Amino acid sequence: MNILIFIIILLVLVLVHEFGHFFTAKKFGIRVDEFGFGFPPKIYGKKYGETEYSLNLLPIGGFVKIFGENPDDENTFGPDASRSFVNKPKWQQAIVLFAGVFANLLLAWFLFSIGFMSGLPTSVSGESAGYKLSNINLTVVSVLEKSPAQIAGLKSGDKIISLASGKDSVSDINPDTLKSFILSHSKKPARNATQSVAGGEITVGYIRGQDKNINLAVVTPVINKTNNIPEIGISMDMIGTVKLPLFSALKEGMSLTWFITKGTVLGLYTLIAEGIQGKGSFSSVTGPVGMVGIVGDAYQFGFVYLLSFTALISVNLAIINLLPFPALDGGRLFFLLIEKIKGSRINPKFANTANMIGFGILIILMLAVTYHDIVKLF
């Protein structure tokens with residue numbers, strides 16, 4: 001089921017991206033030869049007007065084949081050269097290339113807005129002025145690997161509603177009361193103790209996803225060697241639900257899209273900078289295999305979580321495509337900028353070869369990330 005949901009999300013995101021290219025190309029009178037659902041081999045195709053709409057075997061997105069996007073003698077000098085992408089003004093080419101990115105950002109705005117109208121999980125600390133949150137709970141944001149919380153079965157998205165240890169318990173749950181409870185019910189190890197276990201079992205009551213039943217997890221805190229404080233290995237936040245009317249939802253959806261976009265750009269910059277410095281690691285990168293698991297978690301927590309996750313991936317897809325790397329939209333835009341500065345076209349053979357090499361490198365990177373995802377499963 002998780003794989004099917006992931007394939008549907010990927011199909012929607014890529015098709016929206018390609019439709020941006022398709023729509024603007026048509027508007028500028030550029031010939032579009034094919035709009036494909038999935039990737040070849042082709043299963044079925046039907047032509048409407050000058051464009052063939054095809055259904056392909058590999059359901060991992062789609063593509064649009066624009067006449068003249070990869071320059072050659074036919075589309076540059078042939079009988080239909082006036083409708084070739086390569087012969088259109090630079091500003092029109094730039095809009096067509098950027099349209100895919102814009103379509104993904106537009107989709108993210110739409111999905112976030114739908115989320116706000118349906119009831120979007122929001123941090124209390126980030127509560128918008130004038131809007132009240134309902135159903136506020138202490139929510140697990142992330143769980144450290146091999147931590148007491150992970151061993152006990154706690155997962156991101158779990159809502160903590162009770163704590164108990166022996167006869168003591170607390171129902172007014174927030175980050176401060178949880179930390180205090182762990183601290184007061186953990187045994188302090190001896191000075192010369194070599195083990196990090198703090199002792200003092202704590203029973204955590206939590207609700208997961210749409211299930212209203214209370215689940216119990218028994219955790220044994222361990223000592224953080226950095227600050228010598230017992231912990232169970234989670235990050236947490238007070239999260240509630242905000243439900244907004246149409247226009248307010250559209251406004252907040254746009255603000256959230258902009259906030260996520262800025263954060264994604266910063267995160268990608270940090271990742272690339274660390275990679276150049278030799279400090280990079282695949283541990284912070286998730287590929288298709290890892291995404292299937294995340295999709296499953298989001299689906300389990302509820303449809304609104306799935307919408308938010310899809311919007312987040314749509315923003316990531318937009319930003320990555322803007323990188324000035326051959327085969328990506330950003331790389332093609334970079335070539336356009338060079339042509340504008342030098343006043344003449346880049347040699348088509350060079351551009352096509354660069355894009356082909358760039359595509360090959362992207363495939364290798366994707367395989368490497370996928371391999372790392374698989375290794376993390378074991």
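Apply 1/(1 + (r/R0)^6) to the Cβ-Cβ distance of LEU106 and PHE259, taking R0 = 22 Å, and write down the FRET efficiency to the nearest 0.05.
0.85
Just want the answer: with Cβ charges of +1 for Lys and Arg and -1 for Asp and Glu, which residue in PHE28, TRP91, ILE313 is farthest toward the dipole's positive end in the chain?
TRP91
For the pair LYS90/LEU323, report the inter-label distance in nm, with labels modelled 7 Å from Cα in the Cβ direction.
Result: 2.6 nm between the two label points.
Mind listing the long-range amide H neighbours of SER162? Cut-off is under 5 Å, sequence gap 5 or more, other chains count too, H placed in the peptide plane at 1.01 Å from N.
Residues meeting the amide H criterion: GLY205.
Rounded, prolate or oblate for the stretch 134-242? Axes are the square roots of the Cα gyration tensor eigenvalues, ordered a ≥ b ≥ c, and the cut-off for rounded is a/c under 1.5. Mind dumping the intermediate values first?
Values: a/c = 1.99, a/b = 1.78, b/c = 1.12.
Taking the square roots of the gyration eigenvalues as a ≥ b ≥ c, the stretch 134-242 is prolate.
So what are the three principal axis dimensions of the chain from its Cα atoms, in whole Å, longest to shortest?
86, 49, 41
Hey, which aspartates and glutamates would be in cross-link range of LYS349, C-alpha to C-alpha under 16 Å, not counting anything within fewer than 8 residues on its own chain?
Of all the aspartates and glutamates, those that pass the test against LYS349 - Cα under 16 Å, at least 8 places apart if same chain - are GLU69, ASP72, ASP73, GLU74, GLU339.
Given the C-alpha centroids of the stretch 252-274 and the stretch 75-130, what is the distance between them in whole angstrom?
Spelled out, the Cα-based centre of one part sits 16 Å from the other.
Return the long-range amide H neighbours of GLY209 (sequence gap of 5 or more, or a different chain), with a cut-off of under 5 Å between placed amide H atoms.
Distant-sequence amide H within range of GLY209: LYS159.
If we count other beta carbons within 10 Å of each Cβ, what is the order of TYR48, TYR206, fewest first?
So the residues, fewest neighbours to most, are TYR48, TYR206.
May I ask you to derive the FRET efficiency for THR177 and LYS47 from their Cβ-Cβ distance with R0 = 45 Å, giving the value to the nearest 0.05?
The calculated FRET efficiency here is 0.10.
Fully extended, how many nm does the chain gain between PHE77 and GLN150 (0.36 nm per residue separation, minus their Cα-Cα distance)?
Additional length available on full extension: 20.0 nm.
Give me the angle, in degrees from 0 to 90, between the Cα long axis of helix 246-276 and the longest principal axis of the Cα atoms of the chain, rounded to the nearest 10.
90
To the nearest 20 debye, what is the magnitude of the charge dipole of the chain about its Cα centre, counting +1 on the Cβ of each Lys and Arg and -1 on the Cβ of each Asp and Glu?
340
Given Cβ point charges of +1 (Lys, Arg) and -1 (Asp, Glu) and nothing else, what value in debye, to the nearest 20, does the dipole of the stretch 134-242 about its Cα centre take?
The dipole of the stretch 134-242 has a size of about 280 debye.
If I take R0 = 51 Å and measure r between the Cβ atoms of SER162 and GLU274 in this structure, what FRET efficiency does the formula 1/(1 + (r/R0)^6) give, to the nearest 0.05? Before the final figure, lay out each step's value.
Working: r = 41 Å, r/R0 = 0.80.
My answer for the efficiency is 0.80.
Quick one: work out the % antiparallel among DSSP beta bridges in the chain, nearest 5.
Antiparallel bridges make up about 90 percent of those DSSP assigns within the chain.
Kindly identify the stretch 48-110 as rounded, prolate or oblate by the Cα gyration tensor criterion: order the square roots of the eigenvalues as a ≥ b ≥ c, call it rounded if a/c is under 1.5, otherwise compare a/b with b/c, prolate if a/b is larger, else oblate.
Details: a/c = 2.59, a/b = 1.35, b/c = 1.92.
Judged from the Cα gyration tensor, the stretch 48-110 comes out oblate (a/c at least 1.5, b/c at or above a/b).
So who's got an amide H within less than 5 Å of the one on GLY119, skipping anything under 5 residues away but keeping other chains? H placed 1.01 Å off N, in plane.
Here the answer is LEU244, since their amide H atoms fall under 5 Å of that of GLY119.
LYS47: which lysines have alpha carbons under 18 Å from its alpha carbon, excluding same-chain residues fewer than 8 sequence positions away?
Leaving aside lysines fewer than 8 places away in the same chain, those within reach of LYS47 are LYS26, LYS65.
No value in this document is a laboratory result; all are computed from the given coordinates. A quick note: this is a predicted structure, and the numbers were derived from the prediction, not measured. Cβ atoms come from the backbone with ideal geometry, glycine included; neighbour counts cover every protein chain shown.
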